[in-house]
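First the structure, in the form of structure tokens, and then the observations on it.
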Amino acid sequence: MERSVVVGILGLGTVGSGVIQIVNDHQQELMHQVGRPISIGKVLVKDKEKPRTVLIDKEKLTEEPADILHNPDIDVVIEVMGGVQEARDYILQALKNKKHVVTANKDLMALYGAELLKVAADNSCDLFFEASVAGGIPIIRGLTEGLASDRITQMMGIVNGTTNYILTKMDQEGRDYAEVLKEAQELGFAESDPTSDVEGLDAARKMAILATLGFSTDVALEDVVVRGITTVTTEDMEYCRQLGYVLKLIGLAKRQEGRIEITVQPMLLPDNHPLASVDNEYNAVYVYGEAIGETMFYGPGAGSLPTATAIVSDLITVVKNLVLGVNGRSISTPLFAKELKSDEEVEAKYFLRLHVKDETGTFKALTSLFAQEDVSFEKLLQWPLEEEQPAAEVVIITHTTSRAVYERIYNALENMDVVIDIKSTYRVEGGHQ
Ligand SMILES: NC(=O)c1ccc[n+]([C@@H]2O[C@H](COP(=O)([O-])OP(=O)(O)OC[C@H]3O[C@@H](n4cnc5c(N)ncnc54)[C@H](OP(=O)(O)O)[C@@H]3O)[C@@H](O)[C@H]2O)c1
């Protein structure tokens, strides 16, 4: 029998434990796929004495990175320790020592993906990162292999389970943001410091990775326009429902005539959109290709075994490449130079909720401001408010306009005498063009 492929794992937390469980439990399937046994060589942890939930020979645990990175017996390194600088340093060492690498680390890939892929190619090594976006959903392989022959023009993703869980509970149970966030933290769906999730940064990292691959261009994290969910209210969600929409945190990447935009923000989607029914901690990525039209990838975006499934599938590809002697041959250089859309070119509809003075002339003032900018209303609702002075709540959905024009309107509204308060505004999406 051929020598087994030996794997070193950096990290034995939620994901690392899942990887060991799948490698142990699926030996027969792995052998069938790759024709060679796969074994775990060493596992790096911070604390060897900590109790572990997964069955692992204690002799295999190490607190010394060199036991993996400089170990001549180890063929493949799986990085599931998280963090950025140490993880980058260890992966660079592994690649320079001709070890193939599989990682689940989106923070690292969003910041240093281009550099790491180049070092991997220079050393004829594979570097795969399926688990870094949407956990168990095979979206990266879906884009780079399944849809490789198409020209992708749009990707819309619910790629952060924590925020999707919070927004689902707010929408379905009418509970406010702070209360649901606390519950999510108690249930382990949200971190004790939830900033990266609720401010949209985690989703932005994943969208930068998806846009880089889907559009074959070098998208950086700074190219993503980001807004989180901390100001979303249940009132906004109720109005959205009344108008036939659902409010979701959406990562959107669009390409038109070679020019792209990438953003993460709470958006209104029509309630019959495929993403509108993706609830709780689930993830989904909707992809539109010129030839294929609409497709959607849906599933668990995190968790020990779902994420480990993606990692072990990457490991299978590495071993198949080893058997064929073609490691490090995946194309990693982008085909197109990056051209970002300007504010004049980014077009969308907008939802706007205002409190205005309920007096003669208010509507004339509002409509003439929008008319001056050539923006008409698709929907407009108004209710009287019970306040000391006569006031009304107005909800508008505009027709399509540019971000530049909408910002001018928004700034003018802030200074308008008849406007008491701008309660909220969101982008409205839904079509594929
Ligand atoms: N959790 C998910 O569902 C999920 C989904 C997709 C992607 N990911 C990504 O997968 C990675 C791992 O996530 P996780 O949830 O498994 O993390 P985790 O539960 O916190 O586990 C991290 C592991 O790495 C070890 N570790 C961390 N820093 C280390 C260091 N400097 N030296 C040695 N060992 C170190 C820890 O050792 P000790 O056990 O000794 O403390 C622990 O075993 C992250 O990049 C994350 O973004 C996670």
Taking the stretch 98-182, the equivalent ellipsoid from its C-alpha gyration tensor has semi-axes in Å, biggest first, of 34, 17, 10
Any aspartates and glutamates whose Cα falls less than 16 Å from that of Lys338, other than same-chain ones fewer than 8 residues away, would be Asp218, Glu222, Asp223, Glu257, Glu261
In this structure, among Lys341/Lys379; Lys46/Lys99; Lys98/Lys320; Lys42/Lys118; Lys248/Lys423; Lys46/Lys182, pairs with alpha-carbon gaps over 20 Å are Lys341/Lys379; Lys46/Lys99; Lys42/Lys118; Lys46/Lys182
Calc'd 3J(HN,Hα), the stretch 14-29, phi into Karplus 6.51 cos²θ - 1.76 cosθ + 1.60 (θ = phi - 60°), Hz, glycine/Pro = x, comes to 3, 7, x, 5, x, 4, 5, 4, 5, 4, 5, 7, 10, 3, 5, 5
Among GluC sites (Glu not before Pro) in the stretch 321-369, those in a DSSP loop whose Cβ has at most 10 other Cβ atoms within 10 Å are Glu344
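Report the gain in length on full extension from Thr53 to Ala148: 0.36 nm times residue separation, minus Cα-Cα distance, nm rounded to one decimal.
This chain segment gains 30.3 nm when fully extended.
Report the net charge of residues surrounding Leu147, where surrounding means a beta-carbon distance below 11 angstrom and charges are Lys +1, Arg +1, Asp -1, Glu -1.
Details: positive: Arg141, Arg151; negative: Glu145, Asp150, Glu290.
Once positives and negatives cancel, what remains is -1.
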Cross-link reach from Lys60 to aspartates and glutamates, straight Cα distance under 14 Å and at least 8 residues apart if same chain, gives Asp47, Glu49, Asp73
Cα-only Rg/Rh for the stretch 347-428 with Kirkwood Rh rounds to 0.95
Note, Asn24: beta-carbon cut-off 15 Å, +1 each Lys/Arg, -1 each Asp/Glu, net -1
Once amide hydrogens are built 1.01 Å from N within the peptide plane, the residues lying 5 or more places from Ala190 or on another chain with amide H under 5 Å from its amide H are Gln185
Once the dipole of the chain is set up from charges on Cβ (+1 Lys and Arg, -1 Asp and Glu), the residue from the list Phe215, Ser192, Pro390 lying farthest towards its positive end is Phe215
In deg cm²/dmol, rounded to the nearest 500, the helical mean residue ellipticity at 222 nm of the chain, built from -39500 (n - 2.57) for every DSSP H run of length 4 or more, is -10500 deg cm²/dmol
Percent of all Cα-Cα pairs per 5 Å bin for the stretch 197-287, counting from 0 up to the last occupied bin, reads 3, 13, 22, 23, 20, 12, 6, 2, 0
Label model pair Ile292, Glu345: point-to-point distance (7 angstrom along the Cα→beta-carbon line) in nm is 2.5
Binned at 10 Å starting from 0, the alpha-carbon pair-distance distribution of the chain in whole percents comes out as 4, 20, 27, 22, 13, 7, 4, 1, 0
Inter-part gap, Cα centre of the stretch 110-126 to Cα centre of the stretch 39-63, in whole angstrom, is 28
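All other residues with a Cβ under 14 Å from the Cβ of Val356 taken together, and with Lys, Arg as +1 and Asp, Glu as -1, what is their net charge? Before the final figure, lay out the partial values.
Details: positive: Arg353, Lys357, Lys364, Lys423; negative: Asp358, Glu359, Glu387, Glu393, Glu414, Asp417, Asp421.
With Lys, Arg at +1 and Asp, Glu at -1, the neighbours total -3.
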If the chain between Thr231 and Thr195 were fully extended at 0.36 nm per residue, the gain over the current Cα-Cα distance would be 11.6 nm
From the Cα centre of the stretch 175-232 to that of the stretch 308-365, the distance in Å is 13
For the stretch 139-149, Karplus-derived ³J(HN,Hα) couplings (6.51, -1.76, 1.60; θ = phi - 60°; whole Hz; x for glycine and proline) come out as 7, 5, 5, x, 6, 7, 10, x, 10, 4, 7
Taking a probe of 1.4 Å and leaving out DNA, RNA and ligands, the stretch 268-340 shows per residue an accessible area in Å² of 49
Within the chain, the percent of DSSP beta bridges that are antiparallel, given to the nearest 5, stands at 70
Rounded to the angstrom and largest first, Cα extents along the principal axes for the stretch 139-300 equal 45, 33, 25
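Rg/Rh for the stretch 1-63: what does it come to with C-alpha atoms and Rh from Kirkwood? It would help to have the intermediate numbers written out before the result.
On the way: Rg = 12.2 Å, Rh = 12.3 Å.
That ratio is 0.99, to two decimals.
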Zone reached by a paramagnetic label modelled 7 Å from Asn97 Cα along Cα→Cβ, restricted to the stretch 1-36 with backbone N below 19 Å, covers 4-12
The answer for Ile250, listing residues at least 5 apart or on another chain whose modeled amide H is closer than 5 Å to its amide H, is Gln265, Met267
Scoring the chain by relative contact order with C-alpha pairs under 8 Å, at least six apart, yields a percentage of 16
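The values are calculated or read from the model by the stated rules, or taken from the named source; none is laboratory data. What you see is a predicted model; the values in this text were computed from it and never measured. Cβ coordinates were reconstructed from backbone atoms using ideal geometry, including for glycine residues, and neighbour counts include every protein chain displayed. Side chains included, ligands, DNA and RNA excluded: accessible areas come from the protein's heavy atoms. Shrake-Rupley method; radii C 1.70, N 1.55, O 1.52, S 1.80 Å.
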